[in-house]
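Here is the structure we will look at, set down as C-alpha cells.
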Amino acid sequence: MENLVSMKDLSVEQITAILKRAEDFRDGATSTLKNNYTMANLFFEPSTRTKMSFEMAERKLQLNVLPFDSGFSSTLKGETLYDTVKVLEAIGIDALVIRHEQNNFFEELIGKTKVAIINGGDGTGNHPTQSLLDIFTIWEEFGTLQDKVITIVGDIAHSRVARSNADALSRLGAKVQLVCPTEWQGEFECLQDFDEVIESSDVMMMLRVQHERHKENGIFSKEDYHQAFGLTVERERKMKDGAIIMHPAPFNRDVEIASELVECDRSRIMKQMENGVYVRMAITETILKGRE
Amino acid sequence: MENLVSMKDLSVEQITAILKRAEDFRDGATSTLKNNYTMANLFFEPSTRTKMSFEMAERKLQLNVLPFDSGFSSTLKGETLYDTVKVLEAIGIDALVIRHEQNNFFEELIGKTKVAIINGGDGTGNHPTQSLLDIFTIWEEFGTLQDKVITIVGDIAHSRVARSNADALSRLGAKVQLVCPTEWQGEFECLQDFDEVIESSDVMMMLRVQHERHKENGIFSKEDYHQAFGLTVERERKMKDGAIIMHPAPFNRDVEIASELVECDRSRIMKQMENGVYVRMAITETILKGRE
Amino acid sequence: MENLVSMKDLSVEQITAILKRAEDFRDGATSTLKNNYTMANLFFEPSTRTKMSFEMAERKLQLNVLPFDSGFSSTLKGETLYDTVKVLEAIGIDALVIRHEQNNFFEELIGKTKVAIINGGDGTGNHPTQSLLDIFTIWEEFGTLQDKVITIVGDIAHSRVARSNADALSRLGAKVQLVCPTEWQGEFECLQDFDEVIESSDVMMMLRVQHERHKENGIFSKEDYHQAFGLTVERERKMKDGAIIMHPAPFNRDVEIASELVECDRSRIMKQMENGVYVRMAITETILKGRE
C-alpha cells in the first residue's frame, strides 16, 4: 500500500490487516518503522478531530511532523496543490495527510510524486480513514461484520462517510441500509421511514447535518429533522440488545442525535475517536513500511 | 492538584510548593515525570507570551505537544468547548491549557472530563499562572511576601491579573492596594491618587490598558492616562530603594508605563516572562504527577 | 557569524564555508551542536517553502521549535516587533527566523537582543538564505561561480532575490546580467531584450511576477509578459549545452516560465528547494555554534 486515497483501492485482506494492526496499537504495540520519517498534515478545510487524531498517531509512531498552515501558505499566492506537494517532496517530506474541498484532489498527485498521500477527506467524496475507524469499531464490538445490519442515517448525498462506508461495509459482509430525506439521497437508494428499521439494526450510524455545506436546507427546521430522522430517546429505547450508536462527529446535539444519547451506554462515539488514533497509526505505519 | 483554574483553589501551602519547584527549575532541575504525556494548548484568544511560555515549559518537561488551531477547528462548525474537550480526551490528551473569552469556561469541564485543565486566562476572570509568576517574581526578589506593599495600577475591573492577584497576595501576607480611575474600579475599592502611594510601595504592578476590551474608553487620551495613572519617569524617581516595577505585558509604551522604564534597573518585566516558564513547568509537572 | 540579515555582511570566505557545510549535510552529515537549542519561525507574511524549509532544517538539526502564529499573536494588540522579540528572548529562545514585510526590520533588533536573528525575507530588501541556496545550486552544478554568466529575468525592482543575489554572485566571480521591463528595473541597470542573452547564459534565473505586490501591473497581460520576458519552450531550445534554469518559486506557470519547463532536464527548481534545507542547516548550525 503506497497511498490511501479511497476505500475502493483496499482489498478485504488489506482491510483485515489494518484492523489487526490497529488492535495491536490499542493493546500497546509500538512502531516497527526503522527509519526516521517526516510528515505534514495539509488541512485546507477546518477539522479538529481528524487533524488532531493524525497528529497524535504520528507522534505515537515517533515521526517528525512539520506544521503546515493552509491559511498562510503559498496556495494564497495561487500555487496549485500539485506544485505545493512537489515542493514538500523536494524538501524531504515522506508522507502527507491531505484534506481538501475538491473531490478526488488526489488524482493530480498519485503517480506523479514520491510523497505518500493519505486522504484525510476530499469534498463530498472519500474519507477512508474515517471508514476504517468505523469498521474497526464495529469489528471490535462484534468480532465480525458478517451479517451485521448497519443503518446509516442522514445527509447521504453530501457525506464522505456514507460514500466511503457503504461499499466497504458490504464487501465485509455487513447489510447496509441508508435512511434519509428524499432531498438528500443523491445517487443512492434510501429508505424514508426511520422507525421501520430501528429494531432490526445492530449499528445505528448517524451522520452530521452539514449546515455549512447546504445553506439552502431551510427545508427542515432542526426540530423537524430531529423528529423525522434524528436518534431520539424514544427511538433508542426500541433498539435491540447489544446494538450500538455511532457518529463520525462533530455532532449537532438534538438535531441528528438527542443530547442525552451522546454519552449513553450504547454510544461508541468517543470510542470511535479513540480508535481513530490506532487505525491511523496502522495505516501510516503500513504505508511508510512500504518505503523501507 | 488535579486542575488549576483559579487562585482561590490553592492553599498557601500549595502556592509555596509551586514557588519552590519553580525555583528548582530556574536552577536547572529537570522533569521527574515517569510517563510520556501529551498536551495541547487551546487558545481561543490571541496571546504570544502566555502561549509561547507554556509551549516552552512543556518542551522543557519533554512532553508531547499537539498543535491546535482555534481559528481552524470544529468550533467553527458550532461545536461546544465541552464536546471539543471530550474529543481530545478520547484521542488521548492528558492535559489542556485553555484560554477562552468566556468567564469561568472551566465550570462546564471540571469533574466531567479526565483531561487536566489549566486555565490560561478566562474572560475578565482568572489568570492563575500569571498570578503565580507574579508571586514568584516578588518572592524571588524579597524572599517573602509578608508585609510587602504591592500597588496594582490600572484597569482593575477588566483585568484578569488584578482579580487573580489581589486575593492571593493578601493571603500570602502582602498589603495590596489598588489604584485606578473611578470608571474602571468595578466591584473593587480603589484609590484615585496614584502619587500618594508611590513612595510607600515595594512593588508597582502596572496593568495593561486594554484598548481591545473597552472601545468606549475615549474617556482618556493616552497622554491624559499616562499623566494620571501611568508610571512616568518622575514617579519612578520617587520610588523607594529596592522597590520594583512589574507589568504582565504586552505593555503600551508611554501609556501605562514610560517607554524608558520598560528595561530600567527596577523593571522586572522581562524577568516575569522568564519566570513564567519556570512557574508553568512547576504547575504542569505537579498536575501531571498527580496522574501517576 | 552571530546573525544573518544580509548578504552584504558575508565575506567570500564565510559564503564558501557555508557552501561546504551545506554539501556535508547533503551527503548525510549530522549536527555537531552540543547544546539543546530552541528556535521559532516568525513569519509575518505567507510562505510555504521558506518556512517549511527552515522547519525541516531545524528538525534535522534536532532543535526544539516553538510554534508561532503571527495571525494570532500579541502584535495584533499593537506590540512592536522589538517587544515581541524581547519577550521571546526572556522565554529562552536562542534564535529566530523572521520574515517581515518591512524593509530592514532587523535594524531595530541587532545589537539589542541576545536572540540570534536569521532574516527569512524583508520587504523588497534581503533574502539571504535564498541567495545562498541559489549560490549553492550553481556551485554544485559547475564547481565554481567564476566567469559563469547568470541572467536574472523579471521584476528586479520588487525582488528580494535579485537584490540579495546580484552583489554576492558578482563577488564570487560570476557575470550577472539583469533583464526586465523598463517599468520594473528600479535602481538597477537592466537589459530589455531577453532573446539577445539566451545563448550566452549559463544560468537562467527567472523571477516570480509578484501579482500580490503591484496590483497596478495591468501594464502586461500574462500572455504578453510570457512572450517578452518569459522562458518559453522556444527560448529554452536556444540555451547552451549544460546551461540550467532556476526559479525561487512559487512560480506562475506560463507567465515567467512555460509550464513544460518546470520539471525539464535543465530545470534545477526542485533541486533548489532540496538544497534550501541543507543551506539552512549550515547557516543555523553556524550561528548557534557561535553561542557555545
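Rounded to the nearest 500, what is chain C's calculated 222 nm mean residue ellipticity when only DSSP H runs of at least 4 contribute -39500 (n - 2.57) each, over all residues? Could you put the intermediate results ahead of the total?
Numbers: 8 runs with 100 residues, N = 292.
My calculation for chain C gives -10500 deg cm²/dmol from helical runs alone.
Karplus couplings for the stretch B:51-57 from phi (6.51 cos²θ - 1.76 cosθ + 1.60, θ = phi - 60°), rounded to Hz, Gly and Pro as x?
So the J values, rounded to whole Hz, are 5, 5, 5, 5, 4, 5, 4.
If packing is taken as the mean number of other Cβ atoms within 10 Å per residue, what is the order of C:177-190, B:279-292, highest first?
Working: C:177-190: 16.9, B:279-292: 20.7.
By packing density, highest mean first, the sequence is B:279-292, C:177-190.
Check the axis relating chain B to chain C and name the residue of B whose C-beta is nearest, distance in whole Å.
So the chain B residue sitting closest to the axis is B:Pro67, 3.
Check cross-link reach from B:Lys240 to the aspartates and glutamates: straight Cα distance under 12 Å, and skip same-chain residues fewer than eight apart.
Counting by Cα, and skipping residues close in sequence, B:Lys240 has these aspartates and glutamates nearby: B:Glu199, B:Asp202.
Under the rule a/c < 1.5 gives rounded, and otherwise a/b versus b/c splits prolate from oblate, where does the protein assembly as shown land using the Cα gyration tensor? Before the final figure, lay out the partial values.
Numbers: a/c = 1.81, a/b = 1.00, b/c = 1.81.
Because a/c hits 1.5 or more and a/b fails to exceed b/c, the protein assembly as shown counts as oblate.
Per-residue Cβ counts within 10 Å, from other chains only, averaged over A:265-277: what number is that?
Numbers: counts 0, 0, 0, 0, 4, 5, 1, 1, 7, 5, 1, 3, 3.
Counting other chains' Cβ atoms within 10 Å and averaging over A:265-277 gives 2.
Note the distances from A:Thr32 to each other copy's matching label point, with points 7 Å along the Cα-to-beta-carbon direction, in nm, sorted shortest first.
3.9, 3.9
Within 10 Å of each Cβ in A:59-69, how many Cβ atoms from other chains are there, averaged over the peptide? Show your work: numbers first, answer last.
Numbers: counts 6, 4, 0, 1, 0, 5, 4, 9, 10, 5, 14.
Going residue by residue through A:59-69 and averaging, the value is 5.
For peptide C:134-143, what's the mean number of Cβ atoms from other chains within 10 Å of each residue's Cβ? Present the calculation step by step, with values, prior to reporting the outcome.
Details: counts 0, 0, 0, 0, 0, 0, 0, 0, 0, 0.
Mean partner shielding for this stretch: 0.
Let a ≥ b ≥ c be the square roots of the eigenvalues of the Cα gyration tensor of the stretch A:1-123; is it rounded (a/c under 1.5), or, if not, prolate (a/b larger than b/c) or oblate? Don't jump to the answer; show the numbers that get you there.
Values: a/c = 1.71, a/b = 1.45, b/c = 1.18.
Prolate, since a/c reaches 1.5 and a/b exceeds b/c.
If the reach is capped at under 13 angstrom between alpha carbons, list the aspartates and glutamates near B:Lys112, excluding any in the same chain fewer than eight residues apart.
Partners within reach: A:Glu263, B:Glu2, B:Asp83, B:Glu89.
Provide the packing ranking of B:56-62, C:236-242, i.e. peptides ordered by the mean count of other C-beta atoms within 10 Å per residue, highest first.
Working: B:56-62: 20.7, C:236-242: 12.0.
Top to bottom by mean Cβ count within 10 Å: B:56-62, C:236-242.
In whole angstrom, note down how far apart the Cα centers of the stretch C:218-292 and the stretch A:171-196 are.
Between the Cα centre of the stretch C:218-292 and that of the stretch A:171-196, the gap is 52 Å.
Taking the inverse of the average 1/r across all pairs of different Cα atoms in chain A, what Kirkwood radius in Å do you get?
Numbers: mean 1/r = 0.0509 Å⁻¹.
Roughly 19.6 Å, rounded to one decimal.
Taking one equal scatterer on every alpha-carbon of the stretch A:165-292, how large is log10 of I(q)/I(0) by Debye at q = 0.12, 0.13, 0.20 1/Å?
So the normalised log intensities work out to -0.53, -0.62, -1.28.
Whole-Hz Karplus ³J(HN,Hα) for the stretch C:89-106, in order, using 6.51 cos²θ - 1.76 cosθ + 1.60 and θ = phi - 60°, x for Gly and Pro?
Values per residue, Gly and Pro as x: 4, 5, 5, x, 5, 8, 8, 10, 9, 10, 10, 8, 6, 7, 4, 6, 3, 6 Hz.
Sort A:123-134, A:146-157 for me by packing, meaning the mean count of neighbouring Cβ atoms within 10 Å per residue, highest on top.
Values: A:123-134: 24.4, A:146-157: 20.9.
Answer by packing, highest mean first, reads A:123-134, A:146-157.
What lysines could a cross-link reach from B:Lys34, if we take a straight Cα to Cα line under 23 Å and drop same-chain neighbours fewer than 8 places away?
Correct list for B:Lys34: A:Lys60, B:Lys20, B:Lys60, B:Lys114, B:Lys289.
If one takes the longest principal axis of the Cα atoms in chain A, at what angle in degrees, from 0 to 90 and to the nearest 10, does the Cα axis of helix A:160-171 lie?
80
Here, each number is a calculation from the coordinates, and none is a lab measurement. Note that the structure is a prediction, hence the values are computed from the model and not measured. Every residue, glycine as well, gets a Cβ built from its backbone with ideal geometry; the counts of neighbours run over all protein chains shown.
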